[in-house]
Amino acid sequence: MEIEIPADEVSRAFRTVTKRYQKQARIPGFRAGKVPESLIRTRFHDGIRQDVVESVLPVHFREAIDKADLKPISQPQVTDLHLEDGQPLKFKAVFEILPEFSVAGYQDVHVPKPDTELTDSEVDAELERIRDSRSTMEPVTEDRALADGDWAQITFRGEFQGEAAEAEQQPVTGDDVMIEVGGQNTLPAFNEALRGAKPGQQLKFEVSYPEDFGERRLAGKALSYDVEVKAIKKKIQPELNDEFAKELGEYEGIEDFKQKLKDHLASDKKRRLEGETRDKIVEALIAKYQFPVPESLVQQQVDARLDRGLRALAQQGMRTEDMRKLDFDRLRAAQHDSAVNEVKGSLLLDRIAGEEKIEVTDAEVERELEILSLQTREPLDTLRQRLTGDGSLARIREQLRREKTGSLLYEKLAS
């Protein structure tokens, strides 16, 4: 926007600011408040100009955007500023606004509705996982060899072979590691070597790791292993009885535990699959509508994504000095495309919320604050005051509105 402020208003601002400087100036040889105006204007030239701009520019900028019915979403950058006492103040303000776009036809987007029904096999698998987590390892005292279903306690050292031996200097080692013989997660080479072995026996064999192996250092590499079998152990799982249920929490018995576990799993599956489907709906909307995305909002989202990433690294133990060594330009560039889609998705949900006349009540915001208060252990009134002060309360209301919109779209568009 090009904005012009009348010359008489500029002159009044210069006089007002100069008088203020006269009252405050302390210059040797002059009594307080008696410094000549010409000297004040010369001595404090830059400060006076800055104060004049700050006193008149914001008001006229707000008037101009209100008249044009514009809502800036970024701080205005002032360019081509022309300021002289007795002349109109002219400047250009460059800022971003929300793009104009239509969401006509959003009702035509459809994605498959997921089957959220909990299966018996899913319940059984979770029960088995819980039993397994409470299992104990008991030593096998009889004199026999390892067989499928046993757990071998081993110490090993693996040396890289072939070309990998030149690049990888450090061997792979482990002490008192437990490996399930015949287990689905145990490499075939280890299964073959360990079957029939006895405690105290020394084994030597080679392992070729697949290209898609989870540990990147080993993926696609060949290693020669020296292994010592230390002991044979059996995993003892607890019985699914009333006593086991009461050890897990305040349950009346095993049937009470199973029912509450089933309810929890069903709720979790429903929430997870519906959330994934809502994400697919937003992805379909992003693909359907093309419009420019304000870069200032994208950069804010990049900041938020990086902040979450750094917090996760800190929780994993990364030191602050190591974080400072990260290539943040590369990290920001890597987050840009995802941030664009996230901003675009939010803008689409906001526009659809307007079409559907979706609003968030004060009671809904209050419930969210109560949950946050319990999670953070911060008193509710203190939390509310803090979030209101830093603008977070408005963002919470905004996010709740988007979530309600996503839920409505799920009901309408998932089939």
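Things to note:
- Surrounding net charge for LEU369, when Lys and Arg each add one and Asp and Glu each subtract one, Cβ distance under 12 Å: -3
- Estimated dipole of the chain in Debye, rounded to 20 [Cβ of Lys and Arg +1, of Asp and Glu -1, Cα centre]: 2500 debye
- Rolling a 1.4 Å probe over the protein heavy atoms of the chain, with every protein chain left in place, gives an accessible area that is 47 percent carbon and sulfur.
- Accessible surface for the chain, divided over its residues, is 64 Å² per residue with a 1.4 Å probe.
- Each Cα pair under 8 Å and six or more residues apart adds its separation to the average, and for segment 179-318 the resulting relative contact order is 12 percent.
- The chain - percent relative contact order, Cα under 8 Å, separation 6 or more: 15 percent
- Gap separating the Cα centres of segment 253-295 and segment 1-47, nearest whole Å: 63 Å
- Signed unit charges on C-beta, dipole axis of segment 257-346, positive-most listed residue GLN300, ALA312, LEU265: LEU265
- From most to least packed by mean Cβ count within 10 Å, the peptides 226-235, 81-90 give 226-235, 81-90.
- Among PRO199, LEU326, PRO188 the positive-end extreme of the charge dipole of the chain (Cβ point charges): LEU326
- Dipole size of segment 91-239 about its Cα centre, with +1 on Lys/Arg Cβ and -1 on Asp/Glu Cβ: approximately 480 debye, rounded to the nearest 20.
- Against the chain, whose longest principal axis comes from its Cα atoms, helix 45-67 is set at around 80 degrees.
- Segment 1-130 - percent relative contact order, Cα under 8 Å, separation 6 or more: 31 percent
- For the chain, adding -39500 (n - 2.57) for each run of n ≥ 4 DSSP H residues and dividing by the number of residues yields -17000 deg cm²/dmol at 222 nm.
- Charge-dipole axis of segment 7-86 as Lys and Arg at +1 and Asp and Glu at -1 on Cβ define it, positive-most pick from VAL56, PRO72, GLY29: GLY29
- Mean-position separation - Cα centroids, segment 361-415 and segment 306-321, in angstrom: 26 Å
The values are calculated or read from the model by the stated rules, or taken from the named source; none is laboratory data. Treat the numbers as computed from the prediction; the structure is a model and nothing was measured. Positions of Cβ are generated from backbone atoms using ideal geometry, with glycine treated the same way; all protein chains shown enter the neighbour counts. Heavy atoms of the whole protein, side chains included, go into the accessibility calculation; ligands, DNA and RNA do not. Shrake-Rupley method; radii C 1.70, N 1.55, O 1.52, S 1.80 Å.
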